[in-house]
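These notes are about the structure you will find just below.
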Amino acid sequence: MNGKMKAIVKTKEAKGAKFKEVSIPDYGSEQVLIKVESTSICGTDLHIYEWNKWAQKNISVPQIMGHEVAGKVLEVGDRVENIEEGDFISAETHIPCGYCYQCKTGKQHICNNMRILGVHKDGVFAEYAVIDKVDVWKNDPTIPAEYASLQEPMGNAIDTILAGDVAGKNVLITGAGPAGLISVSVARAFGATQVIVSEPNDYRRKIALEMGADKVVNPLEEDLTDIIYERTDGIGVDFVAEMSGNEHALNEALKLITAGGEMGLLGLPDDNVSLDLTNGVIFKGITLVGVTGRKMFNTWYTASRLLKEERIDLDPLITHIFPLEEFKKGMELMESGNCGKIILKP
Ligand SMILES: [Zn+2]
Ligand SMILES: [Zn+2]
């Protein structure tokens with residue numbers, strides 16, 4: 001399709017981005033062109049906007065930002081099967097190579113040659129976007145576009161919670177950014193008996209309660225240890241979802257897991273962290289599981305079922321909806337932490 005479109009483009013190797021007119025992108029024989037209906041801002045987008053160390057190493061400008069998306073297929077490449085014009089789709093954002101050891105052994109989500117939508121190629125904060133056929137996920141038409149675009153971060157939360165066994169168990173979630181908040185309702189949906197959330201930001205603790213947390217704790221003002229032992233009959237929690245990437249939170253959580261417990265780690269520490277492996281992990285028989293991306297496409301089936309059957313309510317999570325051109329408001333809110341998930345619409 002020829003013509004112009006509006007997009008949020010990272011134009012300079014510095015903080016910021018521009019809302020500007022660019023050409024509607026060309027697509028290859030194994031790609032589809034979509035009309036974007038809804039997108040959402042991820043922590044990764046904020047890193048790219050702020051131009052942190054990770055972004056400086058991974059992003060080449062100019063590039064269209066964004067990766068969480070739902071939209072309608074407009075055109076398909078000639079080597080694309082089973083996807084048609086008009087299909088309502090979302091996109092997995094990890095683009096696996098298809099031939100490395102991990103890809104060949106059923107672990108495409110940790111492909112050795114991974115490329116990522118909106119990181120290594122133009123993203124979706126635009127009126128139109130190109131999606132690789134391997135990443136197309138056909139949505140159930142009953143799922144609203146705002147929810148459909150959130151299946152990507154839902155996948156992170158689902159993989160983190162599934163890193164252990166939460167059914168009938170006490171769960172601690174450290175950090176209530178969007179992925180932590182989704183994890184609250186995922187843990188509930190998977191049968192956790194009690195979900196406790198530790199988060200310093202007042203606004204996010206409030207959303208955590210709306211997402212179904214039984215107890216929220218401000219770790220800077222309250223004694224998390226006392227609260228956990230009191231609420232778990234002195235046992236400690238069975239499972240921790242570590243979503244903060246904060247060294248102190250991680251070490252405290254290791255102390256609060258009961259021996260034999262499990263921890264899924266999604267939060268990314270900025271630097272190396274030091275852990276008491278001997279007493280905190282080895283002698284306690286703790287299982288630590290690193291989580292990256294989402295299992296392809298197991299988590300997508302789970303996310304869409306949870307949405308379709310309304311086992312999860314994402315309404316409290318969606319705190320702001322802006323048109324694309326007001327993306328700066330969204331980025332500033334993300335910086336302040338006073339938001340849940342922010343939707344951007346073309
Ligand atoms: Zn994301
Ligand atoms: Zn691969």
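A few notes on this one:
- The gain in end-to-end length when the Ala167 to Asn218 segment is fully stretched comes to 15.8 nm, 0.36 nm per residue minus the alpha carbon separation.
- Dividing the Cα radius of gyration of the chain by its Kirkwood radius returns 0.97 for Rg/Rh.
- Here the gap between Ile321 and Lys72, fully extended at 0.36 nm per residue and compared with their Cα-Cα distance, gives a gain of 87.7 nm.
- Angle between the chain longest axis and helix 327-336 axis [Cα atoms, degrees, rounded to 10]: 10 degrees
- Lys308-Thr105 pseudo-label distance in nm [points 7 Å out on the Cα-to-Cβ vector]: 3.2 nm
- Take every Cα pair under 8 Å whose residues are at least 6 apart in sequence, average their separation, divide by the length of the chain, and the relative contact order is 18 percent.
- Entries in Lys4/Lys345; Lys215/Lys328; Lys10/Lys138; Lys35/Lys328; Lys4/Lys308; Lys35/Lys138 that, when Cα-Cα distance is taken, lie over 24 Å: Lys215/Lys328; Lys10/Lys138; Lys4/Lys308
- Sum of side-chain charges, Val9 neighbourhood, beta-carbon under 15 Å (Lys, Arg +1; Asp, Glu -1): +3
- Volume of the convex hull of region 127-285 (Cα atoms only), normalised per residue: 151 Å³.
- Region 1-109: trypsin sites (Lys or Arg not before Pro) falling in loop per DSSP and having at most 16 other Cβ within 10 Å: Lys12, Lys15, Arg79, Lys107
- Average accessible surface for the chain: 44 Å² per residue, computed with a 1.4 Å probe over protein heavy atoms with every protein chain in place.
- Proximal charge balance of Ile95 [Cβ under 9 Å; K/R count +1, D/E count -1]: -1
- Considering only the chain, percent of DSSP beta bridges that pair antiparallel, nearest 5: 55 percent
- For Lys295, the aspartates and glutamates whose Cα comes closer than 13 Å to its Cα, not counting residues fewer than 8 places off in the same chain, are Glu92, Asp135, Glu152, Asp159.
- ³J(HN,Hα), Karplus 6.51/-1.76/1.60, whole Hz, each residue of region 130-142, x for Gly, Pro: 9, 10, 5, 4, 4, 9, 6, 10, 6, 8, 5, x, 7
- GluC sites (Glu not before Pro), loop per DSSP, at most 15 other Cβ atoms within 10 Å - longest free stretch of the chain: 86-220
- Surrounding net charge for Val22, when Lys and Arg each add one and Asp and Glu each subtract one, Cβ distance under 13 Å: +1
- Converting phi to 3J(HN,Hα) with the Karplus coefficients 6.51, -1.76 and 1.60 and the offset θ = phi - 60°, region 67-84 yields 9, 8, 8, 9, x, 9, 6, 9, 9, 10, x, 6, 10, 10, 10, 6, 10, 10 Hz in sequence order, with x at every glycine or proline.
- Compared with the dominant Cα axis of the chain, that is its longest principal axis, helix 247-256 is turned about 50°.
- Axis of helix 298-308 versus longest Cα principal axis of the chain: the two differ by about 90°, to the nearest ten degrees.
- If R0 is taken as 45 Å, the Cβ-Cβ distance between Arg79 and Ile235 corresponds to a FRET efficiency of 0.20.
- Taking amide H positions as modeled 1.01 Å from N, with prolines and chain starts lacking one, the residues under 5 Å from Ile286 and 5 or more places away or on another chain are Gly260.
- Cut-off of 10 Å, at most 14 other beta carbons, DSSP loop: longest stretch of the chain lacking such chymotrypsin sites (Phe, Trp or Tyr not before Pro): 100-282
- Only helical runs count toward this figure. For the chain, summing -39,500 (n - 2.57) over DSSP H runs of n ≥ 4 and dividing by all residues gives -7500 deg cm²/dmol at 222 nm.
The values are calculated or read from the model by the stated rules, or taken from the named source; none is laboratory data. Computed from a predicted model, the values in this text were never measured in an experiment. Here Cβ is always computed from backbone atoms with ideal geometry, including for glycine, and neighbour counts include all displayed protein chains. To get the accessible areas, we keep the full protein, side chains included, count just its heavy atoms, and leave off ligands, DNA and RNA. Shrake-Rupley method; radii C 1.70, N 1.55, O 1.52, S 1.80 Å.
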